[in-house]
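Step one of this worksheet: look at the structure below.
The values are calculated or read from the model by the stated rules, or taken from the named source; none is laboratory data. Since the model is a prediction, treat every value here as computed from it, not as a measurement. Cβ placement follows ideal geometry from the backbone for every residue including glycine, while neighbour counts extend to all protein chains displayed. The protein model used for the area step is the full one, side chains on, heavy atoms only, and it has no ligands, DNA or RNA in it. Shrake-Rupley method; radii C 1.70, N 1.55, O 1.52, S 1.80 Å.
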Amino acid sequence: MSAVYRKFANFFNLSDPNYVRFIRKYEAKTKKQIAFYLFLGLLPGLLAYIFVYPLREPIMEWTGLSATYVQLLALTIMASGWHLVVPFLMLRFKDGLTFKESLIYLGFHRLDLKGLLIVLPILTVLFTLITLPYVKYVYPPLHEWLNGFPAFHMGEWHVFNHDYYDPNFPWPLFLIGLIGNFIGEEVYFRGYLLRKVGRLRLDWLWIAIIFQIYHMWQIPINWAYIPIALFIPEEILVKLRKNIYGAILLHLFVNFLWGIVTMYLVGVR
C-alpha cells in the first residue's frame, strides 16, 4: 500500500530538493515574522476596501470621475503596483536576491508541461465537482447574508456589477490591471507569501483563507467562499509542481470560465 501511495504522490509531486532548499533559506523563522507576512496578505485588500467604500464618493467629488473609474483605478494600482512590485523589492532589499534569483524564488524558473497538461486539468475538474454542492446550496444564502451588511453591500455602483468595465477607462491601464490580477495575485500570494510562511503548519490553507479575506472590496462574494478554501488548488499546485504557471492558468479559469461552468451545471454563478 505504501508503494502504491508513493507512486500516486510522485505522479502529482515534482521532486526538486535543490529548489526546496533554496526557498527554505528565506522562510520566516519566528512567529512574529510569520504573522508579519500573513498581515501583508491582508494589507492591500484593506487599502482597496478603503478606496472602494469610504473614499469612493469623496474622490468622485474631487476628480469628477465615475464610481466605476475610481474603483478600477484603485484596483489597478493595487494589482499591478503592489502585487508585482512589493515581492521584488522585499526579495531584493530584505533578502538580498538578484532579479534572476527572485524570479526563481517566485516560481518562474521552469515550464512544467506535465503539471500544465495533466496535473492542472485533473485538479481543476476535481475542484469543480467537489465544490458544486456548496455553490448551489450554501453560497447563495451566505452571499445574500453578507451583502445585507451596509459596510459590505455591493450596490449598483460597485465595479463588480459593471463587469469591471468602464468605457472611459484607458485601455492600457485596464490591460495592466488585468495582468496584475491573474499574474500579480499569484506572484504575491502563491509565489511570495506562501514561500515566506513555509514553516507554518498547513501553510497552503492559511494562504488560501487569507486570499479570500483579502478581497475586502467584494466581501459578499469572496468571504462566502472561505469555507471551501480547503479545495481551491492554487496553493496546492504551487507546492506540488514547484512553479507558478499552473496557478496562473487556474486563476484565469476561475475568473473567466468557472462561473460559466457552475451556471450551466447548477444554475449559480
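Below, the figures for the structure above:
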| item | result |
| --- | --- |
| Members of segment 173-188 that are surrounded by fewer than 19 Cβ atoms within 10 Å (Cβ to Cβ) and at pLDDT 90 or above | none |
| Residue in segment 89-100 that is surrounded by 15 or more Cβ atoms within 10 Å (Cβ to Cβ) and either under 18 Å from TYR49 (Cβ atoms) or in contact with a Lys or Arg (Cβ under 7 Å, 6 or more places away or on another chain) (or both) present | no |
| Within segment 61-84, tally of residues that are farther than 19 Å from ASN161 by Cα and outside any helix (DSSP H, G or I) | 1 |
| Breaking point among (1) in contact with a helix residue (DSSP H, G or I) (Cβ under 8 Å, 6 or more places away or on another chain); (2) modelled with pLDDT under 95, for LEU38 | (2) |
| Residues of segment 39-70 that turn out to be surrounded by 20 or more Cβ atoms within 10 Å (Cβ to Cβ), over 21 Å from the mean Cα position of the chain (by Cα) and of a type in the set (A, V, I, L, M), as a count | 1 |
| Unique residue being part of a helix (DSSP H, G or I), in contact with a Ser or Thr (Cβ under 8 Å, 6 or more places away or on another chain) and modelled with pLDDT of 95 or more when the list is PRO87, PRO58, PRO44 | PRO87 |
| Pair list, Cβ under 7 Å, 6 or more apart: segment 212-235 residue over 21 Å from ALA151 (Cβ atoms), other residue in a helix (DSSP H, G or I) and among the polar types (S, T, N, Q) | ILE228/THR131; ALA229/GLN212; PHE231/THR131 |
| Helices (runs of 4 or more DSSP H) completely within segment 197-249 that count 3 or more residues being surrounded by 22 or more Cβ atoms within 10 Å (Cβ to Cβ) | 203-214, 234-241 |
| Among (1) open to solvent by 40 Å² or more (accessible area, probe 1.4 Å); (2) in a helix (DSSP H, G or I) - the single one LEU116 does not satisfy | (1) |
| Considering residues of segment 254-269 that are without any contact (Cβ under 8 Å) to a residue 60 or more places away in the chain and in a helix (DSSP H, G or I) only, the residue least open to solvent (accessible area, probe 1.4 Å) | GLY259 |
| Selection from segment 71-88 of residues that are open to solvent by less than 10 Å² (accessible area, probe 1.4 Å) and without any contact (Cβ under 8 Å) to a residue 60 or more places away in the chain | none |
